[in-house]
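The values are calculated or read from the model by the stated rules, or taken from the named source; none is laboratory data. Bear in mind the structure is a predicted one, so any value in this text is a computation, not a measurement. Positions of Cβ are backbone-derived with ideal geometry, glycine not excepted, and every protein chain shown enters the neighbour counts.
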Amino acid sequence: MAPKYISDFQVGDSIDEILYVSSKRVQNYKNKPGCFLNLVLSDRTGTIGCKFWDFNPEQSDVPEKSVIRCIGDVVEFADSPEIHLQSFEPVDKMTVDPADFLPVTPLDIRHMWAG
């Protein structure tokens, strides 16, 4: 199956995709002990917020500016899609094409050069 890009994600989708970790914050819960992982993930089509609940930094970590395999569900939060991760695993950067994570324009480049 071909990879699905962030711009194709719809609320209700289950995903199993390789995405780039643009930013990461470990946040404490406000009303209970523990913490969760708050990520911004990206690919060539855009970015999306992501939460991994009940995160234990001693068991696993996600380096910022890394590539991870994300398994989870796309949900709606504050009128925007967001991923709730069920699991993740690191991906060796040498096994992915960097072009999959660099932003591209949706416009016709030849038409843009033609003026």
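Output the residues belonging to the range 50-62 that are farther than 17 Å from F101 by Cβ and either surrounded by 13 or more Cβ atoms within 10 Å (Cβ to Cβ) or not polar (S, T, N, Q) (or both). Walk me through it before giving the result.
Here is the first cut: in the range 50-62, the ones farther than 17 Å from F101 by Cβ are 51-61.
The answer is K51, F52, W53, D54, F55, P57, E58, S60, D61.
Exactly one condition in (1) β-branched (V, I, T); (2) at pLDDT 95 or above; (3) surrounded by 13 or more Cβ atoms within 10 Å (Cβ to Cβ) is false for V96; which is it?
(2)
Being at pLDDT 95 or above, touching an Asp or Glu at 6+ places or on another chain (Cβ under 7 Å), part of a strand (DSSP E or B) and among the polar types (S, T, N, Q) is true for just one of S42, S23. Which residue is that? Can you show your working first?
Numbers: S42 fails: touching an Asp or Glu at 6+ places or on another chain (Cβ under 7 Å).
That would be S23, the only listed residue that is at pLDDT 95 or above, touching an Asp or Glu at 6+ places or on another chain (Cβ under 7 Å), part of a strand (DSSP E or B) and among the polar types (S, T, N, Q).
Which of the numbered conditions does V104 fail, given that it passes all the others? Conditions: (1) assigned to a loop (DSSP other than H, G, I, E, B); (2) in contact (Cβ under 8 Å) with a residue 24 or more places away in the chain; (3) within 25 Å of N31 (Cα to Cα).
(3)
Looking only at residues that are in contact (Cβ under 8 Å) with a residue 24 or more places away in the chain and charged (D, E, K, R) in the range 63-91, which one is surrounded by the most Cβ atoms within 10 Å (Cβ to Cβ)?
Keep residues of the range 63-91 that are in contact (Cβ under 8 Å) with a residue 24 or more places away in the chain, which gives 63-77, 80-85, 88, 90-91.
Filter once more, keeping what is charged (D, E, K, R): 64-65, 69, 73, 76, 82.
Details: E64: 12, K65: 10, R69: 13, D73: 14, E76: 10, E82: 20.
Residue satisfying both the conditions and the ranking: E82.
For the range 83-101, name all the residues that are under 14 Å from the mean Cα position of the chain (by Cα) and in a loop (DSSP other than H, G, I, E, B).
Filtering the range 83-101 down to residues under 14 Å from the mean Cα position of the chain (by Cα) leaves 83-91, 100-101.
Once the filter is applied, which keeps residues that are under 14 Å from the mean Cα position of the chain (by Cα) and in a loop (DSSP other than H, G, I, E, B), the range 83-101 yields only V91.
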